[in-house]
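Working notes, structure below.
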Amino acid sequence: MRKAEWMIGSRARNMKIADQLIEAMRHAKRVAVLTGAGVSAESGVPTFRDAQTGFWADFKPEDLATPQAFRRNPKMVWEWYAYRRQMVANVSPNPGHHALVEVERRVPEFMLITQNVDGLHQRAGSKRVVEIHGNITRVKCFDDDGVVEKWEEKGEVPPRCPRCGGMLRPDVVWFGEELPPGAFETSVQAAVECDVFLSIGTSSVVYPAAALPFEALKAGAMVVEINPDSTSLTARASYVLRGASGEVLPALVRAAWPG
Ligand code: BV8
């Protein structure tokens, strides 16, 4: 399959997308999508690549998102997630999120695999979503690993588990931790069974998520990368749409399903 790179200027309205890609989307029986922080960037959620701001500027996300960091300084890690939880609560899904809801509506079989913990896909209306790295709006006990529905932000930091008194932590997957049970298996199945695999707004650095587009390629799917920058997937992708997902995805939907 001829690899094509389509530069997509800011005026997404007049972009040219390869006919084969449009045909493939329009006639796809199964579409699988992998998203990363880039799909939420236009909503105002900084990516992991973006420098952190304010108090958190001196910390690399990878250094805070580990069980070791939490044991070392549970108050600081809890407050970092509280800061991010507040930020996510103050933003809204963008046209990229909404376009993926449209793709799900139009394709017989669809699976959205997200590395994002912000819940914006579900807030946009996406249904078939696998949160392979968890969700920042949920918390669980650091000791018995059980989710805790209600907790107080005031008082002890981090708050304590009402069941066992253990410290509460965000219900996300930290580096060095296993993914939620079955999440990766479900994701690999969607990748190897799809006709079209969209890899959107991810630097393809964190594993095992970054292996999914390559699983789809091995299974013969058309793999499309949507990202303003190149990544470790670019050289292997069937098509690369260079631009912001909040512009590219609505244009792709319009091209595949005009009117
Ligand atoms: C595990 C939740 C078993 C927490 C996260 C194999 C090789 C090497 C290393 C490993 C390996 N296997 C395992 C590892 C270790 C590690 C890993 O991958 N390390 C990396 C750093 C090399 N993986 C793990 O630990 C995983 N667990 O493997 O368990 C195990 C256990 C022990 C030892 C071995 C095996 C767990 C990983 C999950 C960690 N948790 N998040 C939280 O959010 O706080 S990862 C987190 O970082 C995100 O979820 C995401 O996955 C990642 C960030 O990546 P992206 O989302 O891609 O974001 P990024 O900022 O990097 O890039 C943004 C992109 O968007 C850019 O390309 C940019 O150009 C683009 N963009 C910008 N604007 C836009 C845009 N695109 C479109 N539109 C725009 N407008």
Any idea what the relative contact order of the chain is, in percent, if you count C-alpha pairs under 8 Å spaced at least 6 apart?
-> 28 percent
Under a Gaussian network model of the chain whose springs join Cα atoms within less than 10 Å, the largest fluctuation of Gly155, Gly44, Gly125 belongs to Gly155
Using only C-alpha atoms and all pairs of different ones, pull out the Kirkwood radius for region 164-259 in Å with one decimal.
-> 15.1 Å
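Take the Cα radius of gyration of the chain and divide it by 2.2 N^0.38 Å, with N its residue count; two decimals is plenty.
Numbers: Rg = 19.0 Å, N = 259, 2.2 N^0.38 = 18.2 Å.
The chain yields a ratio of 1.04.
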Taking only protein heavy atoms and a 1.4 Å probe, what accessible area per residue, in Å², does the chain have with all protein chains in place?
-> 47 Å²
Per residue of region 222-227, in order, report the coupling 6.51 cos²θ - 1.76 cosθ + 1.60 (Karplus, θ = phi - 60°) as ³J(HN,Hα) in whole Hz, putting x for Gly and Pro.
-> 7, 10, 10, 9, 10, 6
Sorted by chain and then number, the residues having a modelled amide H within less than 5 Å of the amide H of Gly166, at least 5 places away or on another chain, are Cys161
Going by a 4.7 Å Cβ-Cβ cut-off, which cysteines of the chain have no partner at all?
-> Cys164, Cys194
So who's got an amide H within less than 5 Å of the one on Val139, skipping anything under 5 residues away but keeping other chains? H placed 1.01 Å off N, in plane.
-> Val148, Asp171
Taking the Cβ of Glu156 as the centre, find all other residues whose Cβ is under 14 Å away and add up their charges (Lys, Arg: +1; Asp, Glu: -1).
-> +1
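In whole percent, how big is the carbon plus sulfur part of the accessible area of region 116-259, probe 1.4 Å, protein atoms only? Could you put the intermediate results ahead of the total?
Values: 3270 of 6110 Å².
That share works out to 53 percent.
For region 49-143, what does the relative contact order come out to in percent, with C-alpha contacts under 8 Å and a separation of six or more?
Details: 77 pairs, mean separation 19.5, N = 95.
Value for region 49-143: 21 percent.
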Relative contact order, percent, of region 128-259 when contacts are C-alpha pairs under 8 Å separated by at least 6 residues?
-> 17 percent
Whole-Hz Karplus couplings 3J(HN,Hα) for region 151-166, θ = phi - 60° and coefficients 6.51, -1.76, 1.60, Gly and Pro as x, run 8, 8, 6, 8, x, 4, 10, x, x, 9, 6, x, 8, 10, x, x
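Quickly estimate the mean residue ellipticity at 222 nm for the chain, helices only: each DSSP H run with n ≥ 4 gives -39500 (n - 2.57), and the total goes over all residues, rounded to 500. Intermediate values should be presented prior to the final figure.
On the way: 10 runs with 86 residues, N = 259.
Calculated mean residue ellipticity at 222 nm is -9000 deg cm²/dmol.
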Compute the length gained on full extension between Trp151 and Lys29: take 0.36 nm times their separation in residues and subtract their Cα-Cα distance, giving the result in nm to one decimal.
-> 39.6 nm
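The values are calculated or read from the model by the stated rules, or taken from the named source; none is laboratory data. Fair warning: this is a prediction, and the values are worked out from it, not measured in the lab. Neighbour counts run over all protein chains shown; Cβ positions are idealised from the backbone, glycine included. All accessible areas refer to the heavy atoms of the entire protein, side chains included, with ligands and DNA or RNA removed. Shrake-Rupley method; radii C 1.70, N 1.55, O 1.52, S 1.80 Å.
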